[in-house]
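The structure appears right after this line, and notes come after that.
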Amino acid sequence: MQQKFVPEDDFGSFLSSVQRAVHQQKGQGASMLIMSRLARQKEAPVTQMMTKVKVSWSDFTEGLKYLEDAGLIEMEDDENGGTLRLTDEGQHWAQTISLELDDDEDQG
Amino acid sequence: MWLEWVVAGLFGALIGAGEIVSQFRDEPDDALRTVPALGYMLFNALASLFALAVIRVFGWTMGVQDPAMTGWAQVVVAGFGAMALLRASIFNVRNGDQVITIGPSRFLEIVLASVKDAVDRKRAEQRGVAVSEIMKNVDFEKAWMALPAYCFGLLQNLPQEEQDKFGKKLALLANSPMSARVKTLLLGLTLMNLVGEKVLATGVKNLDEEIRPSPPAS
């Protein structure tokens, strides 16, 4: 009979939580599209971002939730339907991602 | 007595330093050595000295009868008093969903935000250079599980919530179509924010060949 893996300590629970997140994949595709877009413009209205990343509504909302949970973006509610902003760490990511975007633009 | 003035100034500077350290947990000593951070600590020190001067001018003894102890009671009250006064808000104004505090704390918030921006800009350069140096011989595919696990093992007391957040970022990197170079840099950057530059460098050094890119097949 197959036994379920039960982590015995924090170290084990970290490894299993990473494995879970890697295999979950829900929202991750849209997440990188949102991050790439935010790397160019730092903040954007949710409605504008939705039209730019061109994914389904459910993928988009999953992507936003994923990035919020990861601490890379924050969403501020306003009368225009909300604004997306990069957190401090999100800005560090965006700077690094923009290296690749710059390379792509140079080649393209 | 001059020593009391020095201690009052130090009191204020330490409170300012505490705020800077709480904002830059990864490398607090580097943040404290930047000019804006030193300016912020100096500002807090001057506020404590000003409070002590006011207390002495008005001759407040804080109810302490012993003349030798009165001076030190004044120092403690000046330190805490300046801290409380600078961080006080008189009332709040609501603008839509935003709550704006009015009072000395508003001024301090603005000063702290500008210090934070300046420190962050300065440290972004240092961090970029440090990450590319530390991670230059690291293969993302070999390191993305081993390196964080090793660094967290070294730290031992990283909160579970931080580990979960990190796990999500790691999964995002592992499944993303970005180049290996950018993934490696982001792995280093994210880890450095959590564990600091020294622990990251130690982790890379100790894992050495386990996480190095394989030599090209001849």
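Tabulated results
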{"read-out": "Most positive-pole-ward Cα, B:200, B:176, B:111, against dipole of segment B:100-218 from beta carbon charges", "value": "B:111"}
{"read-out": "Spacing of the two label points (7 Å from each Cα toward its C-beta) at residue B:214 and residue B:136, in nm", "value": "2.4 nm"}
{"read-out": "Net charge, residue A:86 excluded, C-beta distance under 13 Å - Lys, Arg +1, Asp, Glu -1", "value": "-3"}
{"read-out": "Global geometry of segment B:68-139, whether rounded, prolate or oblate, following the gyration tensor of its Cα atoms and the 1.5 cut on a/c", "value": "oblate"}
{"read-out": "Interface B:A - total buried accessible surface [probe 1.4 Å, Å², rounded to 100]", "value": "2900 Å²"}
{"read-out": "Approximate spin-label separation residue B:21-residue A:78, in nm, with each point projected 7 Å along Cα-to-Cβ", "value": "3.7 nm"}
{"read-out": "Trypsin sites (Lys or Arg not before Pro) restricted to DSSP loop in segment B:19-108 with at most 16 other C-beta within 10 Å", "value": "B:25, B:33, B:87"}
{"read-out": "Folded to 0 to 90 degrees: helix B:104-134 orientation relative to chain B principal axis, Cα", "value": "30 degrees"}
{"read-out": "Three-way shape call for segment B:106-147 based on the alpha-carbon gyration tensor, with the a/c threshold at 1.5", "value": "prolate"}
{"read-out": "Charge tally in the Cβ shell below 12 Å around residue B:187, where Lys, Arg are +1 and Asp, Glu are -1, residue B:187 excluded", "value": "+2"}
{"read-out": "Rounded to whole Hz, the Karplus (6.51, -1.76, 1.60) HN-Hα couplings of segment B:3-18, x for glycine and proline", "value": "4, 5, 5, 5, 5, 4, x, 4, 3, x, 4, 5, 5, x, 4, x"}
{"read-out": "Three-way shape call for the protein assembly as shown based on the alpha-carbon gyration tensor, with the a/c threshold at 1.5", "value": "prolate"}
{"read-out": "Neighbour cut-off at most 15 other Cβ (10 Å), DSSP loop, trypsin sites (Lys or Arg not before Pro), segment A:18-55", "value": "A:26, A:42, A:54"}
{"read-out": "Rounded to 10°, Cα long-axis angle of helix B:67-86 versus longest principal axis of chain B", "value": "60 degrees"}
{"read-out": "Residue-normalised accessible area of segment B:27-104, expressed per residue, 1.4 Å probe, Å²", "value": "59 Å²"}
{"read-out": "Per-residue SASA entry for residue A:69, accessible area with 1.4 Å probe, Å² rounded to 10", "value": "60 Å²"}
{"read-out": "Degrees, to the nearest 10: B:197-207 long Cα axis against longest axis of chain B", "value": "30 degrees"}
{"read-out": "Members of A:52/B:122; A:65/B:165; A:54/B:136; A:54/B:116 lying beyond 24 Å, as alpha-carbon distances in this model show", "value": "A:52/B:122; A:54/B:136; A:54/B:116"}
{"read-out": "Karplus 3J(HN,Hα) series, Hz, for segment B:184-193 with 6.51 cos²θ - 1.76 cosθ + 1.60 (x for Gly, Pro)", "value": "5, 5, 5, 4, x, 5, 5, 5, 4, 4"}
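The values are calculated or read from the model by the stated rules, or taken from the named source; none is laboratory data. Values in this document were obtained by computation on a predicted structure and should not be read as measured data. Cβ coordinates were reconstructed from backbone atoms using ideal geometry, including for glycine residues, and neighbour counts include every protein chain displayed. Remember, those area values only see protein heavy atoms, side chains included, never the ligands or the DNA or RNA. Shrake-Rupley method; radii C 1.70, N 1.55, O 1.52, S 1.80 Å.
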